[in-house]
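Single-structure report; data block below.
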Amino acid sequence: MIEKQLWHPVTASHRVREAPVAVELLGKPLVLWREPGHEGAPGVVHAWADRCPHRGASLSLGRVLNHLHGARLECPYHGWQFGGDTAAQQAVVPVAVGRCVHVPAAPLFEPPASHCATVFEAVERHGLVWVRLQRPDRTHVPAALTEPPAFEPWSDPLWRQVLCGPYEVNTSAPRLVENFLDLSHFGFVHEGWLGERSHAQVETGRVEEGADGLVARDCKAWQPRAYAGASEGSFIAYRYTVPHPFAAVLRKDAAEGDPVSNAIALFIRPDSAASCTAWFAMATLGDLSDDEELRAFQDAVFAQDRPIVESQVPKTLPIGQDGPIAEVHSPADRMSSAYRRFLARLGVSLGVC
Ligand code: FES
Ligand code: CO
């Protein structure tokens, strides 16, 4: 399953502090824990299977120990201790991360390599922790998809960054991506906010399809109020990129008379074939509203989308015409058709572990 070979966001970075956190990715229970920081810098985050190799208890019920010989995760049941990066480095003989380093009930026992938690790769990007369940098979995974998706405005010091979410949604990740790429619902679902039904026509622009994603330029839709201070509606040009099957980025650059540049990335954790959790990483240059106002606006817009996307049947995206339920298209759906071809090329099936 190719989804296991891709990076997925699992939680906001700020949620992983002193205590371990339980999350689920593609049906797989994980424990996230952070090593204690050093001189103001946050410690590294680990993502392991949420199951102790001793008797199967949930490691997420345990606690993080700042041991003299490096950070460890202690199982809640019999107190076995499993080493993080620093413990692995400081061992007399180098050991793998996740290895049991201490059994309190048998303190002289030296646990062999088999006494090890199941360790996955974890990195932090764009305010989120990203996890990959399997190493990529390079014949099937394009090089660009061997990293978490890029989102440059998140690390640009001139821009302001605000993370919105999580939104737990009762539909599949691809349905949500497609909704994000869909300009033609603005005048109906977001009437008065992002569109007007009296100006429902859209321009789908130019769509470039590559092995590693999509880019769509000059997509245009009517906005009743394109930015704070605008007195009337106008057509706004957007650029969309789809750098990952479950991520999409919308960018609107400042234009004549419109001083605001916005970039919004949708990042989604696929929880199952019919449910997912989403975040919006928003970056803005020139928007004067404060962080809470930006979040409140995004929450309100998403509250308009939610009942619609949760009503869609089936919850997985019907790709091609072979499924039991086919869907039909119009010329305004060019981006969603390209997105479905991208998923088909990659072989995204959205099975669970
Ligand atoms: Fe974890 Fe026994 S089940 S230490
Ligand atoms: Co919408």
Selection count, the range 253-296, where residues are touching a Cys at 6+ places or on another chain (Cβ under 9 Å) and open to solvent by 50 Å² or more (accessible area, probe 1.4 Å): 1
If I filter the range 305-313 for residues that are modelled with pLDDT under 95 and more than 16 Å from ligand 1 (Cβ to nearest atom), do I get at least one hit? yes
For the range 206-233, which residues satisfy the criterion of being at pLDDT 85 or above and among the small types (Gly, Ala, Ser)? Gly210, Gly213, Ala216, Ala221
Show me the strands (runs of 3 or more DSSP E) entirely contained within the range 207-312 in which 1 or more residues are aromatic (Phe, Trp, Tyr). 213-223, 234-244, 261-272, 275-285
Take the residues in the range 1-43 that are open to solvent by 50 Å² or more (accessible area, probe 1.4 Å), modelled with pLDDT of 95 or more and of a type in the set (A, V, I, L, M); name whichever of them is farthest from Ala150 (Cα to Cα). Ala19
Out of all the residues in the range 187-227, which are among the small types (Gly, Ala, Ser), under 21 Å from Ala265 (Cα atoms) and open to solvent by 50 Å² or more (accessible area, probe 1.4 Å)? Ala211
Any chance the range 112-134 includes a residue that's away from ligand 1 (no atom under 16 Å from the Cβ), at pLDDT below 95 and surrounded by fewer than 15 Cβ atoms within 10 Å (Cβ to Cβ)? yes
Evaluate the range 172-193: report whether one residue or more is in contact with a Gly (Cβ under 7 Å, 6 or more places away or on another chain) and assigned to a strand (DSSP E or B). no
Among the numbered conditions (1) outside any loop (DSSP other than H, G, I, E, B); (2) surrounded by 15 or more Cβ atoms within 10 Å (Cβ to Cβ), tell me where Tyr77 comes up short. (1)
Residues of the range 146-186 classified as open to solvent by less than 50 Å² (accessible area, probe 1.4 Å), in the same structural domain as Pro314 (by the TED database) and of a type in the set (S, T, N, Q), total: 4
Among the residues of the range 297-317, what is the count of those that are more than 11 Å from ligand 2 (Cβ to nearest atom), open to solvent by 40 Å² or more (accessible area, probe 1.4 Å) and either of a type in the set (A, V, I, L, M) or under 22 Å from Ala255 (Cβ atoms) (or both)? 2
All positions within the range 47-102 that are polar (S, T, N, Q) and within 16 Å of ligand 1 (Cβ to nearest atom): Ser58, Ser60, Gln81
Could you say whether any residue in the range 263-271 is among the basic types (Lys, Arg) and over 19 Å from the mean Cα position of the chain (by Cα)? no
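The values are calculated or read from the model by the stated rules, or taken from the named source; none is laboratory data. Quick caveat, the model's predicted, so the values are computed rather than measured. We place every Cβ from the backbone using ideal geometry, glycine too, and count neighbours over all the protein chains shown. Quick note on the areas: whole protein, heavy atoms, side chains included, nothing else; ligands and nucleic acids left out. Shrake-Rupley method; radii C 1.70, N 1.55, O 1.52, S 1.80 Å.
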